[in-house]
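Take a look at the structure below.
The values are calculated or read from the model by the stated rules, or taken from the named source; none is laboratory data. Being a predicted model, the structure only gives us computed values, none of them experimental. Cβ placement follows ideal geometry from the backbone for every residue including glycine, while neighbour counts extend to all protein chains displayed. Remember, those area values only see protein heavy atoms, side chains included, never the ligands or the DNA or RNA. Shrake-Rupley method; radii C 1.70, N 1.55, O 1.52, S 1.80 Å.
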Amino acid sequence: MKNYFLFVLVILILASVDHPSIAKPRQELYDKIMGVLSDSSKVKTDQEAARSLERAKEKLRLSQTAEDYLTKQLATNQKMSSFRTRYCVQKELNSYFYGDDLRQICKIIAEESKR
């Protein structure tokens, strides 16, 4: 019990001292821990859209404007569903994608939606 008390006391002292040799590593450790905790606590939503976007970027050679457009269209599952309905099901014209590129994107979205 005494060892535990000393350990807690040392941690509190290190947390409260503002000496530059202690403050910088302490802040780096704090930032790292907070980053890990915030990443692990986020609700994993819109994974289908993220995977679809990732696979589309891997398969297709896209210009920067087309990639930016696709990133906006596949930002969430709802936007991805809207994109699929509009361009894959209803066959509306798309100013960025057409032909084989659009078919591949539609195929990727359909595969990710089935998972």
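When you scan region 82-92, do you find a residue that is of a type in the set (Val, Ile, Thr), in contact (Cβ under 8 Å) with a residue 12 or more places away in the chain, open to solvent by 80 Å² or more (accessible area, probe 1.4 Å) and out of contact with any helix residue (DSSP H, G or I) (no Cβ under 8 Å at 6 or more places or on another chain), even just one?
no
Could you pull out the residue among 100, 68 that is modelled with pLDDT under 95, exposed (fewer than 14 other Cβ atoms within 10 Å of the Cβ) and under 16 Å from the mean Cα position of the chain (by Cα)?
Checking each option against the conditions leaves just 68.
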Output for Cβ contacts, cut-off 9 Å, separation at least six or different chains, first residue closer than 13 Å to residue 105 by Cα and part of a helix (DSSP H, G or I) in region 60-72, second of a type in the set (Val, Ile, Thr) and open to solvent by less than 50 Å² (accessible area, probe 1.4 Å), reads 70/105
So residue 49, is it modelled with pLDDT under 90 and closer than 15 Å to residue 110 by Cβ
yes
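Residue-by-condition table, conditions (1) of a type outside the set (Ser, Thr, Tyr); (2) assigned to a helix (DSSP H, G or I):
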position	(1), (2)
30	no, yes
36	yes, yes
58	yes, yes
95	no, no
Picked from region 46-64 (must be of a type in the set (S, T, N, Q) and closer than 14 Å to residue 78 by Cβ), the residue least open to solvent (accessible area, probe 1.4 Å) is 52
